[in-house]
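Enquirer: Got a structure for you, written out below as structure tokens; questions coming shortly.
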Amino acid sequence: MRDEVVTIRACHTIEEFEQMVELEIAVWKFVERDVVPSQMYVVAAKTGGQILGAFVGEKMAGFLLAYPGIRDGWPYLHSHMAAVLPEYRDLGIGRRLKLGQREEALSRGITLVEWTFDPLQTKNAYFNICRLGAIAGRYLTDVYGSTSSPLHAGLPTDRLVAEWHLESKRVIEVLAGQQSVPGQDIERVRVLAEDVSAERLLEIQAKSRERFQELFAAGYVVTWFEREPGGGSYILEPERQ
């Protein structure tokens with residue numbers, strides 16, 4: 001399948017948006033109440049957001065949905081959803097979608113993209129921080145409430161906020177394949193969340209939540225992730241002014 005041609009492009013039609021809704025259901029196993037409807041894709045497309053599709057031949061294999069936002073008087077994009085069908089996850093589509101997002105945002109003078117991710121999903125953490133160069137300095141508690149997705153394991157939907165500063169030295173170097181080496185003044189938050197019970201997951205979530213909030217309040221940000229069997233460790237450094 002690695003020989004397949006993958007195309008990333010902006011999408012504009014209701015038919016394409018409805019395909020994305022179908023992908024939501026296929027990837028997250030949502031029931032109807034949790035699905036983002038096609039009308040919200042229309043809203044994003046009409047108000048300065050982003051709707052990108054990943055196509056293998058004529059088949060939509062993944063997509064990305066982002067909404068426009070303003071913080072402190074500056075525009076940014078909130079990347080609300082990104083998904084790739086399981087059978088196409090060996091083609092690097094997730095990273096290509098994010099690179100397409102970066103290129104399109106910069107073409108409009110937008111230099112910041114944010115999104116949320118589950119701190120217990122360590123593969124996503126490594127991708128966001130080490131493969132894209134995002135940082136994280138905010139922790140949101142149960143931000144989406146309970147959902148029907150089995151991927152959320154019935155846990156409170158706690159999330160870290162990824163900040164992707166598209167023109168920063170860090171992002172440029174990471175995208176070029178250069179590892180961003182943490183400094184000496186570091187703290188760690190260790191998360192081992194694979195192959196454990198739901199009760200144990202809840203304990204791990206509560207403990208890591210407390211530690212993240214403590215370190216963020218002290219001015220630290222996540223700058224790296226070290227993978228370990230069963231999970232890994234977030235590396236935090238003092239935020240550079």
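Enquirer: Would you confirm whether any residue within segment 43-57 is under 29 Å from Gly154 (Cα atoms) and basic (Lys, Arg)?
Expert: Taking every residue of segment 43-57 in turn, none turns out to be under 29 Å from Gly154 (Cα atoms) and basic (Lys, Arg).
Enquirer: Follow-up. Select from segment 111-149 the residues that are assigned to a helix (DSSP H, G or I) and within 11 Å of Thr223 (Cα to Cα) and list them in ascending order. Spell out how you get there, then give the answer.
Expert: Within segment 111-149, the first condition is being assigned to a helix (DSSP H, G or I), and the residues that meet it are 122-131.
Within segment 111-149, Ala125, Tyr126, Asn128, Ile129, Cys130 qualify.
Enquirer: Okay, moving on. For segment 12-41, name all the residues that are open to solvent by less than 40 Å² (accessible area, probe 1.4 Å), farther than 12 Å from Gly62 by Cα and touching a residue at least 40 places away in the same chain (Cβ under 8 Å).
Expert: Phe30, Asp34, Val36
Enquirer: Counting only residues that are open to solvent by 20 Å² or more (accessible area, probe 1.4 Å), within 19 Å of Ile25 (Cα to Cα) and not charged (D, E, K, R), how many does segment 85-115 have?
Expert: Residues flagged as open to solvent by 20 Å² or more (accessible area, probe 1.4 Å), within 19 Å of Ile25 (Cα to Cα) and not charged (D, E, K, R) within segment 85-115 amount to 3.
Enquirer: From the set of residues in segment 218-241 that are among the small types (Gly, Ala, Ser) and either out of contact with any helix residue (DSSP H, G or I) (no Cβ under 8 Å at 6 or more places or on another chain) or free of Cβ contacts under 8 Å to residues at least 60 places away in the same chain (or both), which is nearest to Gly133 (Cα to Cα)? Explain how you work it out, then say what you get.
Expert: Quick first cut of segment 218-241, residues among the small types (Gly, Ala, Ser) only: 218-219, 230-233.
Subset that is either out of contact with any helix residue (DSSP H, G or I) (no Cβ under 8 Å at 6 or more places or on another chain) or free of Cβ contacts under 8 Å to residues at least 60 places away in the same chain (or both): 218-219, 230, 233.
Working: Ala218: 22, Gly219: 19, Gly230: 23, Ser233: 16 Å.
Residue satisfying both the conditions and the ranking: Ser233.
Enquirer: Restricting attention to segment 131-149, and to residues there that are touching a Phe, Trp or Tyr at 6+ places or on another chain (Cβ under 6 Å) and modelled with pLDDT under 95, which single residue is nearest to Lys98 (Cα to Cα)?
Expert: Of everything passing the filter in segment 131-149, Ser149 is nearest to Lys98 (Cα to Cα).
Enquirer: Of Ala82, Ala134, which residue is without any contact (Cβ under 8 Å) to a residue 40 or more places away in the chain, under 28 Å from Leu236 (Cβ atoms) and open to solvent by less than 10 Å² (accessible area, probe 1.4 Å)?
Expert: It is Ala134.
Enquirer: Here's something else I'd like to know. Output yes when any residue across segment 150-161 is modelled with pLDDT of 95 or more, among the charged types (D, E, K, R), open to solvent by 60 Å² or more (accessible area, probe 1.4 Å) and not in a loop (DSSP other than H, G, I, E, B), and no when none is.
Expert: Checking segment 150-161: not a single residue is modelled with pLDDT of 95 or more, among the charged types (D, E, K, R), open to solvent by 60 Å² or more (accessible area, probe 1.4 Å) and not in a loop (DSSP other than H, G, I, E, B).
Enquirer: So, one more: Taking into account only those residues within segment 178-213 that are surrounded by 11 or more Cβ atoms within 10 Å (Cβ to Cβ), in a loop (DSSP other than H, G, I, E, B) and of a type in the set (S, T, N, Q), which is farthest from the chain's Cα centre (by Cα)?
Expert: Gln178
Enquirer: Consider Gly53 carefully, then state whether it is within 23 Å of Leu160 (Cα to Cα), outside any loop (DSSP other than H, G, I, E, B) and not hydrophobic (A, V, I, L, M, F, W, C).
Expert: Working: within 23 Å of Leu160 (Cα to Cα): no; outside any loop (DSSP other than H, G, I, E, B): yes; not hydrophobic (A, V, I, L, M, F, W, C): yes.
No; evaluated as a whole, the condition is false for this residue.
Enquirer: Just need a number here: residues in segment 56-79 that are open to solvent by 10 Å² or more (accessible area, probe 1.4 Å) and among the hydrophobic types (A, V, I, L, M, F, W, C).
Expert: 3
The values are calculated or read from the model by the stated rules, or taken from the named source; none is laboratory data. Everything numeric here is computed off the predicted structure, so don't read it as measured data. A quick note on method: Cβ atoms are made from the backbone with ideal geometry, for glycine too, and the neighbour counts reach across all protein chains shown. For accessibility, only protein heavy atoms count, side chains too; no ligands or nucleic acids. Shrake-Rupley method; radii C 1.70, N 1.55, O 1.52, S 1.80 Å.
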